[in-house]
Amino acid sequence: MSSQKQVSLTGITTTGTPHLGNYAGAIRPAIAASRREDVDSFYFLADYHALAKNLDPESMARSTLEIAATWLALGLDPERVTFYRQSDIPEILELAWILSGVTAKGLMNRSHAYKAVVAENEAAGSRDPDKGVSMALFGYPVLMTADILMFRATHVPVGRDQKQHLEMARDIAARFNHAYRETFVLPEPVIDEHTAVLAGLDGRKMSKSYGNTIPLFAPAKKLRKLIMKIKTNSLEPGEPKDPEGCTLFSVYRAFATPGQVDELRARYAEGIGWGEMKQLLFEHLDAELAGPREVYEALIQDPARIEAVLRTGAEKARAISRPFLAEIRDAIGVRSLDAVRP
Ligand code: TRP
């Protein structure tokens, strides 16, 4: 392993079913990056992060299965990357606690995710501004920092909403390096302004939290039904239409070549009807997703196969995290007593 290699790491929290937006915005670029020779990739299921939002054990287990199957069905090669489940790497959890020692509470107070809940409570007139805030939600950025620092990630591809978490990770790493000794690499966020931000069924950003998503591997019939539900304006067939701000167009664009997008733009100008456009979008998506969907369904039926892949990934990951944690423990003075001079 050359030390100049870029280390790229990213995780997906195991809440909900993967949707078209996850694919276009995160999974597809990550799989493309994993094929580069000059990059070492670490991709993982952030299942312990799900505790910040979701306490239902069945949906935790189901989502973990679905997200793992999604990565594999879309062509992630577990031989090329280190693909694992966060909870299989106990060193990450231990590191999170160690890092909490150099993390100012005030830094966490400034977290957008936490402040959003406080603001909601205040708006609702609640007496307790921290209502519904668990320590898992409050300390979320510390666990995320441990995920990143454990594998000496240099580059972390994330959505714009995660930028602050990366700043916190750098801040915590720098404090540790200063308080103890140079131990951690400071990670850079990679926020690609060009990656697709998909609109969802109601025209807002496609997001689990808005409940407006189209599941990536919905069966063809269901996919068609959801596309037919996408909101449009009331222009009639034959009337010219504006592709900008049109949800159907935004979804199409994320899955089409520039040439196909230009053609569609021309059809909007000619006044393509919404019914026809929806059918066109359905056929286009279905053609791209039918192959991986079949693989996905087979994988979901065979959880033992996925489990085996994740176990192998965990072995690979722990070959790094075990010795590194030993170094970190030494740095903070958690040492075997026979190494202490009387
Ligand atoms: N917080 C990220 C999200 O919700 C998921 C995540 C957890 C993550 N740990 C990470 C992303 C480490 C990048 C690196 O999208």
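The values are calculated or read from the model by the stated rules, or taken from the named source; none is laboratory data. Remember, it's a predicted structure, so these values are computed and weren't measured experimentally. Reconstructed Cβ throughout: ideal geometry from the backbone, glycine too, with neighbour counts over all protein chains shown.
Which is touching a helix residue (DSSP H, G or I) at 6+ places or on another chain (Cβ under 9 Å), modelled with pLDDT of 95 or more and within 30 Å of SER8 (Cβ to Cβ), of PRO187, PRO219, PRO237?
Result: PRO187 is the single residue among PRO187, PRO219, PRO237 that is touching a helix residue (DSSP H, G or I) at 6+ places or on another chain (Cβ under 9 Å), modelled with pLDDT of 95 or more and within 30 Å of SER8 (Cβ to Cβ).
Kindly list, by first and then second residue, each pair from a residue in the range 94-120 that is free of Cβ contacts under 8 Å to residues at least 24 places away in the same chain to a residue that is exposed (fewer than 12 other Cβ atoms within 10 Å of the Cβ) and not in a helix (DSSP H, G or I), limited to pairs with Cβ atoms under 8 Å and residues at least 6 apart or on different chains.
VAL117/GLY132
Read through the list (1) within 15 Å of the ligand (Cβ to nearest atom); (2) part of a helix (DSSP H, G or I); (3) modelled with pLDDT of 95 or more, then give the number of the only condition that ARG62 fails.
So the condition that ARG62 fails would be (1).
Every residue in the range 147-169 that is within 10 Å of the ligand (Cβ to nearest atom), touching a strand residue (DSSP E or B) at 6+ places or on another chain (Cβ under 6 Å) and more than 19 Å from TYR84 (Cα to Cα), please.
If the condition is that a residue be within 10 Å of the ligand (Cβ to nearest atom), touching a strand residue (DSSP E or B) at 6+ places or on another chain (Cβ under 6 Å) and more than 19 Å from TYR84 (Cα to Cα), then LEU166 is the only one that fits.
Can you tell me which residue among ILE31, ILE12 is under 16 Å from LEU72 (Cβ atoms), among the aliphatic types (A, V, I, L, M) and away from the ligand (no atom under 13 Å from the Cβ)?
When all the criteria are applied, what remains is ILE31.
Of everything in the range 108-146, what is under 20 Å from GLN86 (Cα atoms) and within 15 Å of the ligand (Cβ to nearest atom)? Give them in sequence order.
ALA136, LEU137, PHE138, GLY139, TYR140, PRO141, VAL142, LEU143, MET144, THR145, ALA146
Tell me the residue from VAL118, VAL133 that is in a loop (DSSP other than H, G, I, E, B) and among the hydrophobic types (A, V, I, L, M, F, W, C), please.
Of VAL118, VAL133, the one residue that is in a loop (DSSP other than H, G, I, E, B) and among the hydrophobic types (A, V, I, L, M, F, W, C) is VAL133.
For ALA52, all conditions in the list (1) at pLDDT below 95; (2) more than 15 Å from the ligand (Cβ to nearest atom); (3) crowded, with 19+ Cβ neighbours inside 10 Å; (4) of a type outside the set (D, E, K, R) hold save one; what is the number of the exception?
Unmet condition: (2).
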